[in-house]
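S.K.: Pasting a structure below so you can have a look.
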Amino acid sequence: MTLASGTRLGAYEILGPLGAGGMGEVYRARDLRLGREVALKVLPAEAAGIESARRRLLREAQTASRLNHPSICTIHEVGESEGLAYIAMERVEGTPLHLLVGSRGLPAETVVRYGALLADAVAYAHGQGVIHRDLKCSNVVITQDGRVKVLDFGIAKTIATPDEGDAVATQSITRQGAIVGTPAYLAPEILRGQPADPGTDIWSLGVMLYEMASGERPFRGTTEVELGSSILHDPLGPLPARVPDGLASIVERCLEKDPARRYRQASEVRASLEAVAAGNAPGRRRSSPTRARTVGRSVWLWGGAATILALAAILAFDVAGIRKRAVPQGDRVRIASLAVLPLENFSRDPEQEYFADSMTEELIATLAQVEQLRVISRTSVMGFKRTTKSIPEIGRTLGVDGIVEGSVRRSGGRVRITAQLIRVASDEHVWARTYERDLSDVLALQQEVAEAIVGEMRLHLSNRQRQKIARAASVSPKAYDLYLRGIEAYRRWDRRGLRAAQELLTEAVAIDSTYAPAWAALGYVLYMESGSWVATAGLDRARRAVDRALALDPDLGEAHAVKGSMARSVWDWAGAEREYRRAIEAAPSHFEAHHSYSHLLMSQGRVDESLRESRLAVALDPLNTSATLHLGWHYFMAGETSKAISAYLATIRLDPSFGQAYMQLAWAYVVAGRFGEADETYRKYADLSQEPDTLALSALIAARRGRTKDASRTLSALMEGARRGDFASFDVAAVLASLDRNDEAFRWLERSVEKREPAAESLLLDPFLKSLHADPRFPALLRRVGIPLKAASSTT
């Protein structure tokens, strides 16, 4: 029966009918206690005496009252009056979604926005242990201000949540085998009599997305039998051409007939839709042209893919044993190498850009701890910030099997990370998920994302590796923010940035003295700021900061790498090697550890081992000009001048403004006797150089060309500057050796060793000093530096 206006049910006065459904009649009513209008669902009178119906209504109230989400209709109260059971709920004013969709569907951006809100509501409900089981466009209202509201959990089924065990799972009052729901939205497994689970809601969500995008439902039939047959057997019809590939891919995956091939969680649907909204659309699962990935900025910093391919050809990197090839796994290919692209800043605040970049770096650092995975370092991936290049292009450029991309949103004290994993070879969206925590739990959030990525790649980790990745502690949000700002400051690589970083990091450890990475970063900044390789107060402070970091976290790779460089600065070669090895063991993809270790090995005459580490550094950071420059330096010191020239030229192609590359290329041309090219390269270097450090190179070119007067005149100015501390004594010695003034050369080398100049590390292999090797004074210098004499004999 229909209740008349003015009828009272408990504390509610009926104002008029709103609608009716299989589970009851719905009225507009006034809450006389609170003076607000509500929607009142009343069990039909003819069913009032049926105990199962009453129980179902109570179950609806109990189920829906657990849900507190802005896109889910709120339940206020459940009650009984005059023999009628009722539910009082939020009255939602707006337009039912199916009326807005019409026959042509909605614009793609609207579909994506509504779909993401719906997926978020469904993900929340699933997280509370609730399946809707009747998701459809007529059960969704769009409010006047554009919000989404999901209605009618009347046939929802309660499922077990992780902390409730299996007991709750048996509480559905639907009899076993009954088909419940609206036929056009039913998943194939429901038609086969299987129980509802989160995957069935994801199917229904896919039907809604298809309907919103096209104006039609994906499967049709003149009878329910024909409709059911179409759902079970017919292929999915194509969406209109106006539907973007990324959105179409999501719909197709939601509507996979095999539940195992669908998204596993509604949060993955939400994450994929958010990625489409950001322009990071997953690739089509069916054959179609791959569209360019758009994230904003037009090109990366150093040039196009052709340059990188040229780099690979010129350097002829032999990284077959370094770049772990994708490993077959059944009919798929396991991802063994990975690049994390810069996370998009979804905070709508340009001031938070540093936070998104820093979260990218932290995620890279966490994944770098996995021994079975090669992870591209920060420098190379940051060049793809807001790139228009497609995922396959990026993957080929970086030489990886998989790409992680996503976004980060910081709002108040909360952080949300949306991440997705894409297989490069097929441009296939493998996995997507959204994570959200308080800022104080941001470390655990990073670890959770990293663990999920590693798990999705099916890497078999040892217990120790799992413990390393899972190790996360809370951190003061203020201290963490200062730490990230400190990292951003020293990335400017200038004196001002180092000083700002020192202040920020010092404040960070004062606020939270238990956060090891902040101590390690502070140690690095103090070490860099000390500006000297001899024992100084700054170096002592740096050492104390790093020791504090390692006391808090003995396996912190960054701290071991810094400690290795500090040991190297005082020529403690054994200690430096020990620390570099520990850094690499803790974080196998730590670029700087491999780079620095290569330098150490080269100084000891261990050429083959140095080459291995140098190649590893390039594989980990292929677009980092420091990596490619170092490879050229290795070849130059090893006497392979032609390979050095090729590496330097390739580095210049990456960055035509990189002065150091021109300087070292000129060195190589001089040694090769290509003096015309050396002169030309010197002029380019002089034009780029901001420091008066071109004298040494000018003197070397003149000395090697036999222009003794020019070389001597320049050498005098060089010596005067070296006495003031403007130039290295080592450079003066190299020019003197090239002029066959060996006695003077040894005196200046003595000065260089006494001052522990960084260049003195190269004493053994520097090509400009080879004429001194036969002199008895040379082994004595090697001993002072700590270079084993057997290394000297193996290089002569």
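The values are calculated or read from the model by the stated rules, or taken from the named source; none is laboratory data. Nothing here was measured: the structure is a model prediction, and the numbers come from that model. As a convention, Cβ positions derive from the backbone with ideal geometry for all residues, glycine included, and neighbour counts pool all protein chains shown. Side chains included, ligands, DNA and RNA excluded: accessible areas come from the protein's heavy atoms. Shrake-Rupley method; radii C 1.70, N 1.55, O 1.52, S 1.80 Å.
S.K.: Quick check on my filter: what residues within segment 367-383 are in a helix (DSSP H, G or I) and open to solvent by less than 10 Å² (accessible area, probe 1.4 Å)?
M.R.: Leu367, Ser380, Val381
S.K.: Mind checking which residues of segment 251-267 are acidic (Asp, Glu) and either closer than 18 Å to Gln194 by Cα or open to solvent by 70 Å² or more (accessible area, probe 1.4 Å) (or both)?
M.R.: Within segment 251-267, Glu256, Asp258 meet the criteria.
S.K.: Give the residues of segment 616-640 that are in contact (Cβ under 8 Å) with a residue 40 or more places away in the chain, farther than 19 Å from Ile376 by Cβ and not small (Gly, Ala, Ser), sorted by residue number.
M.R.: Phe636, Met637
S.K.: Based on what the data block shows, is Val295 in a loop (DSSP other than H, G, I, E, B), at pLDDT below 50 and under 15 Å from the mean Cα position of the chain (by Cα)?
M.R.: Considered against the rule, which asks whether it is in a loop (DSSP other than H, G, I, E, B), at pLDDT below 50 and under 15 Å from the mean Cα position of the chain (by Cα), Val295 comes out as yes.
S.K.: Please go through segment 199-239 and pick out each residue that is of a type in the set (Asp, Glu) and touching a Cys at 6+ places or on another chain (Cβ under 9 Å).
M.R.: Result: Glu211, single match.
S.K.: Would you be able to tell me the number of residues in segment 72-98 that are at pLDDT below 90 and not in a strand (DSSP E or B)?
M.R.: 7
S.K.: Follow-up question, since we're still on this one. Quick check on segment 573-599: of everything there that is in contact (Cβ under 8 Å) with a residue 40 or more places away in the chain and over 21 Å from Asp553 (Cβ atoms), which residue is farthest from the chain's Cα centre (by Cα)?
M.R.: Here the answer is Trp573.
S.K.: Say we look at segment 4-22 and pick out the residues that are under 24 Å from Thr95 (Cα atoms) and in a loop (DSSP other than H, G, I, E, B); which of these is modelled with the lowest pLDDT?
M.R.: Checked segment 4-22; the qualifying residue modelled with the lowest pLDDT is Gly22.
S.K.: Hey, could you check segment 731-754 for residues that are under 20 Å from Asp572 (Cα atoms) and touching a Phe, Trp or Tyr at 6+ places or on another chain (Cβ under 8 Å) and say which is surrounded by the most Cβ atoms within 10 Å (Cβ to Cβ)?
M.R.: Only one residue fits best here, namely Leu749.
Yes or no, residue by residue, for (1) at pLDDT 80 or above; (2) within 15 Å of Ser272 (Cα to Cα); (3) touching a Ser or Thr at 6+ places or on another chain (Cβ under 8 Å):
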{"position": "Val408", "(1), (2), (3)": "yes, yes, yes"}
{"position": "Leu421", "(1), (2), (3)": "yes, yes, no"}
{"position": "Ser426", "(1), (2), (3)": "yes, no, no"}
{"position": "Ser440", "(1), (2), (3)": "no, no, yes"}
{"position": "Gln446", "(1), (2), (3)": "no, no, yes"}
{"position": "Glu456", "(1), (2), (3)": "no, no, no"}
{"position": "Leu461", "(1), (2), (3)": "no, no, no"}
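S.K.: Same structure again: When segment 549-573 is examined, which residues are found to be of a type in the set (Asp, Glu), under 25 Å from Arg378 (Cα atoms) and surrounded by fewer than 24 Cβ atoms within 10 Å (Cβ to Cβ)?
M.R.: Answer for segment 549-573, where residues must be of a type in the set (Asp, Glu), under 25 Å from Arg378 (Cα atoms) and surrounded by fewer than 24 Cβ atoms within 10 Å (Cβ to Cβ): Asp553, Asp555.
S.K.: Also, I was wondering about something else. For segment 398-414, which positions are under 16 Å from the mean Cα position of the chain (by Cα) and assigned to a strand (DSSP E or B)?
M.R.: Gly402, Ile403, Val404, Glu405, Gly406, Ser407, Val408, Arg409, Arg410
S.K.: Name, by its number, the condition in (1) touching a residue at least 40 places away in the same chain (Cβ under 8 Å); (2) touching a Lys or Arg at 6+ places or on another chain (Cβ under 9 Å) that does not hold for Pro767.
M.R.: For Pro767, the failing item is (2).
S.K.: Within segment 384-397, how many residues are part of a helix (DSSP H, G or I) and hydroxyl-bearing (Ser, Thr, Tyr)?
M.R.: Going through segment 384-397 one residue at a time, the tally reaches 1.
S.K.: I've got another one for you. Would you confirm, using the coordinates I've provided, whether Tyr648 is aromatic (Phe, Trp, Tyr) and open to solvent by less than 30 Å² (accessible area, probe 1.4 Å)?
M.R.: Yes, satisfied.
S.K.: In addition: Please specify each residue of segment 34-66 satisfying the condition of being modelled with pLDDT of 65 or more and touching a helix residue (DSSP H, G or I) at 6+ places or on another chain (Cβ under 6 Å).
M.R.: Within segment 34-66, just Leu43 meets the criteria.
S.K.: Continuing with this model, one more query. Taking the stated definitions as given, is Pro656 modelled with pLDDT under 95 and open to solvent by less than 40 Å² (accessible area, probe 1.4 Å)?
M.R.: no
S.K.: Condition check: surrounded by fewer than 20 Cβ atoms within 10 Å (Cβ to Cβ) and either of a type outside the set (Val, Ile, Thr) or at pLDDT 85 or above (or both). Does Gly105 satisfy that?
M.R.: Judged against the criteria, Gly105 is not a match.
S.K.: May I pose another question? Within segment 124-140, how many residues are aliphatic (A, V, I, L, M) and open to solvent by 10 Å² or more (accessible area, probe 1.4 Å)?
M.R.: 0
S.K.: Hey, among Asp31, Asp120, which residue is modelled with pLDDT of 85 or more, closer than 30 Å to Val269 by Cβ, of a type in the set (Asp, Glu) and open to solvent by less than 60 Å² (accessible area, probe 1.4 Å)?
M.R.: Asp120
S.K.: In segment 142-159, is there at least one residue being among the polar types (S, T, N, Q), at pLDDT below 85 and touching a helix residue (DSSP H, G or I) at 6+ places or on another chain (Cβ under 7 Å)?
M.R.: Within segment 142-159 (the criterion being among the polar types (S, T, N, Q), at pLDDT below 85 and touching a helix residue (DSSP H, G or I) at 6+ places or on another chain (Cβ under 7 Å)), the answer is yes, since at least one residue qualifies.
S.K.: Still on this structure, I have one more. Mind listing whichever residues of segment 78-97 are in contact (Cβ under 8 Å) with a residue 60 or more places away in the chain and within 45 Å of the chain's Cα centre (by Cα)?
M.R.: The answer is Arg91, Leu97.
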